[in-house]
Amino acid sequence: MKPHSDHTPNAWSTAVTPAPQHPPHSPRETTVNAPGAGLPRYPDFAEDLLDRAAFVETYWRMPGHLRAGMAGSAHASVQLLVREHAVGLRRIIESLQVWPGRGLVGDEACQAAVTIAVHSDHDPPLQRLSLRLLRTAVEQGEATAAQFAHLQDRFLLNALESQRYGTQFWYDPDSGLKPFLIGDPEGLDARRAEVGLRPHAEAFQRLRQYHEAPEPLPAPVPAYADGVAA
């Protein structure tokens, strides 16, 4: 079973709207890079990333007990979108030659790029490239260590290795939410603290409440227990 990434709840229809047509990737660069004012250097790329992530956000945010009951055709439709968005992310990366970080596309679009990369399980080379560029972005203050931890865990699991930070879970309809295998569990919370993540038990409890609730919880309840994942 693929790793589980989760946000906040929303309704989901089994009919998935066709993906919007995205503009050609010829970026419009602003003349002044002012991240403090919330102005991304590449607004076209920022808009593209936000649009792509938002288009399947409802699915990613869906509680596990609801997602498990979706029709197979709905899951398949989402996976087609995920593949398209991975192609879009790769084009942006190839154009910029660096990770689309805070100063280039803004905080929210940087997170959208991370989310797209995390869900690109079908494209290990893209996840590997993203991980390398994201590491550099973190060193330069263009992304967060928590974002890197999230993507690294996903990459390791897809490579059939144990995760380092315990950010990835899977949902079993019979037994509920479970974490994937974590390497060196004794040092887990120390590693999480180093990248700004809360203790694993706390994050796990918050996500269990969210994903195992018999009814969808109100939107303010955090499903991303650590900002990017739990």
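Descriptive notes on the structure:
- Backbone amide hydrogens, once placed in the peptide plane, bring Leu39 within less than 5 Å of Ala34, excluding anything fewer than 5 places away on its chain.
- Accessible area (Å², 1.4 Å probe, nearest 10) - Asp184: 90 Å²
- For the range 46-125, the Stokes-Einstein estimate of translational diffusion at 25 °C and a viscosity of 0.890 mPa s comes to 186 µm²/s, using the Kirkwood hydrodynamic radius over alpha-carbon pairs.
The values are calculated or read from the model by the stated rules, or taken from the named source; none is laboratory data. Computed from a prediction, not measured in an experiment: that's the story for all the values here. Heavy atoms of the whole protein, side chains included, go into the accessibility calculation; ligands, DNA and RNA do not. Shrake-Rupley method; radii C 1.70, N 1.55, O 1.52, S 1.80 Å.
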